[in-house]
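Everything on this sheet refers to the single structure shown next.
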Amino acid sequence: MQYRLVGDTGIEVSALGIGTMRFKSKENAAEMIERELELGLTYFDIGSAYSFKSFDENAETWVGAAIADKDRSKMVLSAKAQPRPGEPRVEAGLGISTRDQMWQCIENSLKRVGTDRFDFYQLWDMSAPEHFSAACVGADSPLTAMREARDQGLVGHLGFTTHAGPELVIEWLKQVPDFRSITVYYNFNDRHPEQAVEYARQNGVGVAIMGPLRGGLLTGESAVFAEHLPELAGLPVQEIALRFLLSSPAVSTVLSGMNEIAHLEQNAAVASLETPMTPEQRERFIEAFREFSGGEAFCTACNYCAGKCPEGLPISHLMTLWQLGGLLRLATMTGQIVALKGNEAQHPSKCVACDTCVEACPQNLPIPDRMERLVALIEELS
Ligand code: SF4
Ligand code: SF4
């Protein structure tokens, strides 16, 4: 296993982290964590809402039980709660908007995990300005409690997880210099966080990655990779996806929601490579993407076009289907593409080429043209 520093915190973590979101049961969590520790994984991404059934039955209590007799000195624990205006569900760490609620979340999580300290505590899914307001504005904010917990030694460093665009992420890092780590949704298809990731690197902020395999879609075989990138021929797509992320010097750890030992062992082998992809290969990989799309940029899933289509089309989703299924020929996409055939609401043939989305797209992608090609692809695969 390779180890990397989390920004300028001085804390080193395993390049492959332990995502606890997809554990299937207490037994599954115990089995996975046992093997994860054996393989040298150290970074635990814990969430109070994961698999939440009750205060005593959730992914935090499963983690707590699994690590109770283990050497805590080797672990880096990162917990979190979700800031939102509105209805709080404090036990699950959801809808948090006050200092008191956040204090309860921190204390609940410490108790459930059975530890007296978290190395990191994050605001979970702070992805919109109203989330930031609920989390960070005013003396009675959740951020106040996080700072107090840090000052009392219950929490090491503060951070947030986000799906927001890079401009917002950078703005928040500037406004709250206490944030020393971010967790972003990033993979070779969803590249919009790159600007924020680079800003984090330059400013000593650690970066954890979620969604490295886009929920399991960036897997299987792709002949296209072999054709355009002969040096990657024969590698499964999931390995290429991990190598791509791990070759970024900004990335501290890649989180994968693993619940099967075989997947864990495959991913751990990739995270143990000293050079998962050279800088030249990484450049070539990015360049190859331009080749796949005939020189056109890829949709980065930034979602700036969301809600803009007068026909109600989910543009980012359809663009992703087109480029992963049509250009990269990933077999994992076939089911979703074929399913569009009977989906009147989302069928790309509804596109009337009004260009509203093209104007909203920072890359001015030829979206109507790609919709047409997706229509043809649906027919071809059906
Ligand atoms: S060009 Fe097509 S996809 Fe884009 S907004 Fe218009 S109808 Fe929707
Ligand atoms: S089509 Fe353009 S605006 Fe829409 S998600 Fe993709 S890159 Fe962003």
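The numbers here are math on the coordinates, done by the rules we state, and not lab data. Here the structure is a predicted model, which means the values were calculated and not measured. Positions of Cβ are backbone-derived with ideal geometry, glycine not excepted, and every protein chain shown enters the neighbour counts.
In degrees from 0 to 90, rounded to the nearest 10, what is the angle of the helix 142-151 Cα long axis to the longest principal axis of the chain?
Computed tilt is about 50 degrees.
Given contacts defined as C-alpha pairs under 8 Å and at least six residues apart, what's the relative contact order of the chain, whole-number percent?
Relative contact order, the chain: 15 percent.
Please work through the chain and write down the cysteines that have no neighbouring cysteine Cβ at a distance under 4.7 Å.
Here Cys105, Cys136, Cys299, Cys302, Cys309, Cys351, Cys354, Cys361 come out as lacking a disulfide-compatible partner, given the Cβ-Cβ threshold of under 4.7 Å.
Please count, across the chain, the pairs of lysine residues with Cα atoms under 27 Å apart that sit 8 or more places apart or on different chains.
21
Positive end of the charge dipole of the chain (Lys, Arg +1 and Asp, Glu -1 on Cβ, about the Cα centre): tell me which of Ser48, Asn203, Ala29 has its Cα farthest that way.
Towards the positive end, the residue furthest out is Ser48.
In terms of modelled amide H atoms, which long-range or inter-chain residues lie less than 5 Å from the amide H of Thr183?
Phe160, Thr161, Thr162, Ala208
Can you give the angle from 0 to 90° between the axis of helix 99-113 and the longest principal axis of the chain, with both taken from C-alpha atoms, to the nearest 10?
90
Explain nothing, just the number: dipole magnitude of the stretch 22-79 about its Cα centre with +1 on each Lys and Arg Cβ and -1 on each Asp and Glu Cβ, in debye rounded to the nearest 20.
Result for the stretch 22-79 is approximately 120 debye, rounded to the nearest 20.
Go ahead and set up a Gaussian network model of the chain, Cα springs under 10 Å, then flag whichever of Pro276, Pro142, Pro366 fluctuates most.
Answer for the Gaussian network model of the chain: Pro366.
Where nothing but the Cβ of Lys and Arg (+1) and of Asp and Glu (-1) is charged, how large is the charge dipole of the stretch 211-317 around its Cα centre, in debye to the nearest 20?
360
For the stretch 297-378, run through the GluC sites (Glu not before Pro) and keep only the ones in DSSP coil with at most 12 other Cβ atoms within 10 Å of their Cβ.
Working: sites: Glu311, Glu344, Glu359, Glu372; in loops: Glu311, Glu344.
Hits after loop and neighbour filter: Glu344.
Based on the alpha carbons, how large is the Rg to Rh ratio for the stretch 107-208 when Rh follows Kirkwood? Spell out each step's value before the answer.
Working: Rg = 13.8 Å, Rh = 14.1 Å.
Result for the stretch 107-208 is an Rg/Rh of 0.98.
So how strong a dipole does the stretch 45-131 carry about its Cα centre when Lys and Arg Cβ are +1 and Asp and Glu Cβ are -1, to the nearest 20 debye?
It works out to roughly 120 debye.
Report for the chain the percent antiparallel among DSSP-assigned beta bridges with both residues inside it, nearest 5. Kindly include the intermediate steps, with their values, before the conclusion.
Numbers: 5 of 35 bridges.
Of the beta bridges lying entirely in the chain, close to 15 percent run antiparallel.
So what is the 222 nm mean residue ellipticity for the chain from helices alone, if each DSSP H run of at least 4 adds -39500 (n - 2.57) and you divide by all residues, rounding to the nearest 500 deg cm²/dmol?
It comes out at -11000 deg cm²/dmol, rounded to the nearest 500.
Based on the Cα atoms of the stretch 45-87, what semi-axes does the equivalent ellipsoid have, where each is the square root of 5 times one gyration tensor eigenvalue, given in whole Å with the largest first?
Result for the stretch 45-87: semi-axes of 23, 14, 6 Å.
Would you mind getting me the FRET efficiency between Asp116 and Val137? Use the beta-carbon distance for r and R0 = 45 Å, nearest 0.05.
0.90
In a shell of Cβ-Cβ distance under 13 Å around Glu148, excluding Glu148 itself, what net charge do Lys and Arg (+1) and Asp and Glu (-1) give?
For residues surrounding Glu148, the net value is -2.
With viscosity set to 1.002 mPa s at 20 °C, what whole-number translational diffusion coefficient in µm²/s follows for the chain from Stokes-Einstein and a Kirkwood radius over Cα pairs? Walk me through the intermediate numbers first.
Values: Rh = 21.7 Å.
The estimated diffusion coefficient comes to 99 µm²/s.
Using only Cα atoms, figure out Rg for the stretch 295-381 and give it as a multiple of 2.2 N^0.38 Å.
Dividing the Cα Rg of the stretch 295-381 by 2.2 N^0.38 Å gives 0.99.
GNM on the chain, C-alpha springs below 10 Å: top fluctuator among Ile96, Ile337, Ile46?
Among Ile96, Ile337, Ile46, the largest mean-square fluctuation in the Gaussian network model of the chain belongs to Ile337.
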